[in-house]
Structure formats: C-alpha cells, structure tokens
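In what follows, a single structure is set out as structure tokens and then discussed.
The values are calculated or read from the model by the stated rules, or taken from the named source; none is laboratory data. Only a predicted model underlies this, so the values are computations on that prediction, with no experimental measurement involved. Here the Cβ is made from the backbone with ideal geometry for all residues, glycine too, and neighbour counts use every protein chain on show. Just the protein is used for accessible areas: all its heavy atoms, side chains included, with ligands, DNA and RNA removed. Shrake-Rupley method; radii C 1.70, N 1.55, O 1.52, S 1.80 Å.
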Amino acid sequence: MEKQTILIANTHKEQAGWLKDDLIKKNIDIEVLDVETNNSEEMREAIEKYNPSIVLTNELKQDKPASDIIKEIQDDVTRFQPIFIIHSGYPTYDIERVCSQKGIHVYSYFILDKEVDLANEIGNIAKGEETKLTKHLYYSFSEQNINVTVDIMNKNAMQYIYDPYYKEVNNELAQLFSDLDKIPKRFREKFRRYAELQLKNHMLECSYMYQFLNGKMNK
C-alpha cells in the first residue's frame, strides 16, 4: 500500500506551517507534500499533478471558493478523487449549506473549535477511522457521473439479465406497458411519465451507490 499524502492548500501560510510541524511531531503516518498553492486554480493543478490522498483547504480564496474546485472534481468520478477537508473560520452550518447547494462531500473543521486536534483527526481519516471532524455527505448527480454508472451496468449486463427474478420482473413490466393502451389516454400518459421518473430515480440511486462504495473501496 502506497504511503498516504496530504496537500495543505490552505492559503493561511502560518496555519499550514503549524499543521505540518504538528503532523511530524505526533508521528502521523502521512507525507506532507512540499507544494505551495496560492489560490483555487493552483490547488486544482496540484491535485491533478500529485494525486494527494487528502487535501486540506480553506474555503475563501482569491480567485474562487475552494468548494467550486471540489465540485468540479467530484462532478466527474473518472478523475482522481482525494478526501477533502475544509479548514474554515466559517461556522459549520455555513459549510453545510455550501456542500448541500453544490452537492459535494467533504469533512470540515471550524478553526475556533479548540476541542479538536486537527493533526490527530487527519491521521484518523487517513486510516479510515472515526473522526471528530464534521462530515458533509452530499454526492454529485452530474450527467457525467450518471452516465458512468449507466455504462458500468450496460457493460456488465450479462451478470444480471439472465437472472430468473430479473427476467420475471421485466416480463411483468413489459406486460403492464402493453396493457396501457387499453386505458384512457389521460391515465396512460401519467403512467408513462411515472415510469420515466422511476427510471431517472433509479439512475440517481445507482450513481449515489457507485460514488459511495467507490469511495469506501479506494480509501
């Protein structure tokens, strides 16, 4: 297993320096990348170049919020996906609102929370253990991510299309659709719209499960 790495993309250099020293002093088994970023675009470039296991960043930067870059990356699960921690002076509920609005999953740490040892919590996250940091678990339902899951299902259809229960369900669905022609048009159109929405809902669920399980398996 490769050694875990962390990119400290916090633009407050004194805080970044303190954290790096603390990680070393406490023997947290994670390598701090010797990379300096001054804005969100430089953070994105560093992620693409170095593939860090964890990215620690503040939200407000000179060019754009860090959460915009996180969303850009998480909108395409075919890209490398680090664990993100937002180290912020914003209250937790503000970060929660941002994550909810943008559909991103991150950990966050309120810098005035003196009860939390950030270095230790980074170590816990790196080991996949429980952490005191706040989890904001929203996943991206971008068209790209939905298409990835559809493609996986299409390429692996032989694994399930011949299952007896799967065939039974689909045969009944086919019969129900053929019976739609026997009912008045106003009801027929509503049933067909219901089926369309059910399919879209199913794709969203598959996209969520793929992102969730992919994150579990690759951390």
Exercise for review: Could you please let me know if E121 is out of contact with any Pro (no Cβ under 9 Å at 6 or more places or on another chain) and in a loop (DSSP other than H, G, I, E, B)?
Suggested key: no
**Study point:** In segment 43-73, the residues that are charged (D, E, K, R) and in contact (Cβ under 8 Å) with a residue 40 or more places away in the chain
**Key:** K61, K71
Review point. Which residues, counting only those in segment 155-167, are among the aromatic types (F, W, Y), open to solvent by less than 100 Å² (accessible area, probe 1.4 Å) and over 16 Å from E205 (Cβ atoms)?
Key: Y166
Revision key, fill the gap. Taking segment 74-90 and the residues there that are free of Cβ contacts under 8 Å to residues at least 60 places away in the same chain and open to solvent by less than 40 Å² (accessible area, probe 1.4 Å), the one that is farthest from the chain's Cα centre (by Cα) would be S88
Exercise for review: For segment 40-51, indicate whether the set of residues that are closer than 26 Å to Y139 by Cα and not in a helix (DSSP H, G or I) is non-empty.
Suggested key: yes
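Of K3, K71, which residue is more than 30 Å from N147 (Cβ to Cβ) and either surrounded by fewer than 22 Cβ atoms within 10 Å (Cβ to Cβ) or among the charged types (D, E, K, R) (or both)? Working first, answer last.
Values: K71 fails: more than 30 Å from N147 (Cβ to Cβ).
The unique qualifying residue is K3.
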**Study point:** Filter result (open to solvent by 70 Å² or more (accessible area, probe 1.4 Å) and either at pLDDT 95 or above or of a type in the set (F, W, Y) (or both)) within segment 48-67
**Key:** E48, K49, Y50, N51
Study note, to complete from the structure: Note: among I152, I104, I146, just one is touching a strand residue (DSSP E or B) at 6+ places or on another chain (Cβ under 9 Å) and either in contact (Cβ under 8 Å) with a residue 24 or more places away in the chain or surrounded by 14 or more Cβ atoms within 10 Å (Cβ to Cβ) (or both), namely I104
**Study point:** Extreme residue, nearest to the chain's Cα centre (by Cα), among residues of segment 91-118 that are assigned to a loop (DSSP other than H, G, I, E, B) and not β-branched (V, I, T)
**Key:** G103
Check your understanding: Quick check: is even one residue across segment 172-193 at pLDDT below 95, buried (at least 17 other Cβ atoms within 10 Å of the Cβ), polar (S, T, N, Q) and assigned to a helix (DSSP H, G or I)?
Key -> no
